[in-house]
Amino acid sequence: MAQNPNKKQVTEITDMEVDFAQWYTDVCKKAELIDYSSIKGMFIYRPYGYAIWENIQKELDKKFKETGHENVAMPMLIPESLLQKEKDHVEGFAPECAWVTYGGGEKLEERYCIRPTSETLFCEHFKNIIHSHRDLPKKYNQWCSVLRWEKTSRPFLRHREFLWQEGHTMHATEEEAREETQRMLNIYADFMENVLAMPVVKGRKTDKEKFNGAEETYTVECMMHDRKALQAGTSHYFGDGFAKAFDITFTGKDNQLHNPHQTSWGVSTRMIGGIIMTHGDNNGLVLPPRIAPVQAMVIPVAQHKEGVLEAASKLLERLQAAGIRAKMDDSDQSMGWKAAEYEMKGVPLRVEIGPKDMEKDQCCVCRRDSGEKVFVPLAQLEDTVKRLLDEVHQSLFERAKKNLEEHTKVCMTLEEVKEFMETEGGFAKTMWCGDLECELKMKEEAGVSSRCMPLVQEQVSDICVCCGKPAKHMIYWGVAY
Ligand SMILES: [Zn+2]
């Protein structure tokens, strides 16, 4: 029979209630997701961490292609003259740029920026390939890494170099481009909720928080276990600003020249940080089954006894044949070690079989999220494991949703926001006049930044939480990663 995991073997990680930041770092390292490199702020994605990213990629790439997008690959260097074509864009990114100034031992005539994002490269290309309304829409995406010279860094949340995807599209009309912006926001929201089990608040960013050069930025915001906010994905509507700056034109059906309307949208390996901080617990990582590199770990119990290894191998084969990502650990580590190890790594299900189970034609399935153990008749193995994986997903989602709902509070005054943030923390839901001055004051006095103006608006009062003038929007505030 399975032993209970010996907790002492795993609790080399900090208690999350004592020091959440240290708990997070411990999990990233102990679950073997990431390692530090010799360059500050640049991390190594280890196989287990990278496998999570690969599963995220697979799921999202499918959605992008289903909605008519094509993958491309752009250069990683941007000539300075190109970057400078759009004023807001270059001003926003200038402090974080890293430059290449030498090539082949010689000083370059023009320095090249290592891409922090690729709008300018896409625009240069779009100018060359868009001439007629027949060339539109162009719906491109690229999977790549980008570089932003951040001053501080944290695994997955803030890297100088990180992996992401960036979608860039051009459309004949404003209406089409706006539709695209919303479509991609919804794809992200569905993905976070239905694959990552992370409930989201969908909304629009304020002018202060929007992307450099965008007309409007939409976001999906998530609440982490410590009640801080994580911006998990963004979708931008650019209007024709870049198109004008880069002189991109097309001949319309009316035979006149027009500027196309543009969008861009992206998510990054930051989402992995979100998964850790949404679902993890004091035993380590808890992975949502739909992106877990290993969904079920088969462990033979008393494997030296006759027939046990064969029975366990048979289980593994059946699970794999049913399309479940399963592995087996028949190493000589103890049962306690194995249980602790796969808890730490957040494997959704452990499937154990030993001599007693074999006598009864059953195996024992243990859930990572709840610790619950279920004896499963071997005849029902595949169906039960699939059902349990769905149940784990659902219960992770419900738990995170409860956290989000319980810690979102309607506040009427700045004082109330301050007190809420000091005592409990979470999302403060208020009305806002729309003025930058109030947004800055909220930051200064309550330590919160605006998260988003939710797409579903409510009228929680008539006046701005900060200045008392008539309110224009309902808005969420929080402390963000
Ligand atoms: Zn105000």
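The values are calculated or read from the model by the stated rules, or taken from the named source; none is laboratory data. Just so we're clear, the structure is a prediction, and the values are computed from it rather than from any experiment. Every residue, glycine among them, receives a Cβ derived from its backbone with ideal geometry; neighbour counts consider all protein chains shown.
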Report, ordered by the first and then the second residue, all pairs with beta carbons closer than 6 Å, sequence separation of six or more or different chains, a first member in the range 416-430 that is assigned to a helix (DSSP H, G or I), and a second member that is at pLDDT 95 or above and surrounded by fewer than 22 Cβ atoms within 10 Å (Cβ to Cβ).
420/409
Might you check whether a residue that is among the β-branched types (Val, Ile, Thr) and over 20 Å from residue 231 (Cβ atoms) occurs anywhere in the range 143-162?
no
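Is it the case, given these coordinates, that residue 449 is more than 13 Å from the ligand (Cβ to nearest atom), in contact (Cβ under 8 Å) with a residue 60 or more places away in the chain, out of contact with any His (no Cβ under 7 Å at 6 or more places or on another chain) and among the small types (Gly, Ala, Ser)? Write out each step before concluding.
Numbers: more than 13 Å from the ligand (Cβ to nearest atom): yes; in contact (Cβ under 8 Å) with a residue 60 or more places away in the chain: yes; out of contact with any His (no Cβ under 7 Å at 6 or more places or on another chain): yes; among the small types (Gly, Ala, Ser): yes.
When the stated conditions are applied, residue 449 passes them.
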If I filter the range 456-481 down to residues being closer than 23 Å to residue 220 by Cα and hydroxyl-bearing (Ser, Thr, Tyr), which single residue comes out as farthest from the ligand (Cβ to nearest atom)?
481
Can you run down the residue pairs with Cβ atoms below 6 Å, 6 or more apart or on separate chains, where the first is in the range 468-480 and among the hydroxyl-bearing types (Ser, Thr, Tyr) and the partner is more than 9 Å from the ligand (Cβ to nearest atom)?
476/427; 476/429; 476/451; 476/452
Could you count how many residues in the range 117-171 are among the β-branched types (Val, Ile, Thr), over 24 Å from the mean Cα position of the chain (by Cα) and surrounded by fewer than 17 Cβ atoms within 10 Å (Cβ to Cβ)?
1
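In this structure, does residue 361 turn out to be surrounded by fewer than 20 Cβ atoms within 10 Å (Cβ to Cβ), under 30 Å from residue 13 (Cα atoms) and more than 34 Å from the chain's Cα centre (by Cα)?
On the way: surrounded by fewer than 20 Cβ atoms within 10 Å (Cβ to Cβ): yes; under 30 Å from residue 13 (Cα atoms): no; more than 34 Å from the chain's Cα centre (by Cα): yes.
No; evaluated as a whole, the condition is false for this residue.
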Scan the strands (runs of 3 or more DSSP E) fully inside the range 96-201 and keep the ones with 2 or more residues being assigned by TED's automatic domain parsing to the domain that holds residue 83 and among the β-branched types (Val, Ile, Thr).
99-103
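Looking at 399, 387, can you tell me which residue is under 26 Å from the mean Cα position of the chain (by Cα) and closer than 20 Å to residue 283 by Cβ?
399
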Odd one out for residue 22, checked against (1) farther than 30 Å from residue 138 by Cα; (2) surrounded by 15 or more Cβ atoms within 10 Å (Cβ to Cβ):
(2)
Surrounded by 16 or more Cβ atoms within 10 Å (Cβ to Cβ), within 15 Å of the ligand (Cβ to nearest atom) and among the acidic types (Asp, Glu) - does that describe any residue in the range 435-446?
yes
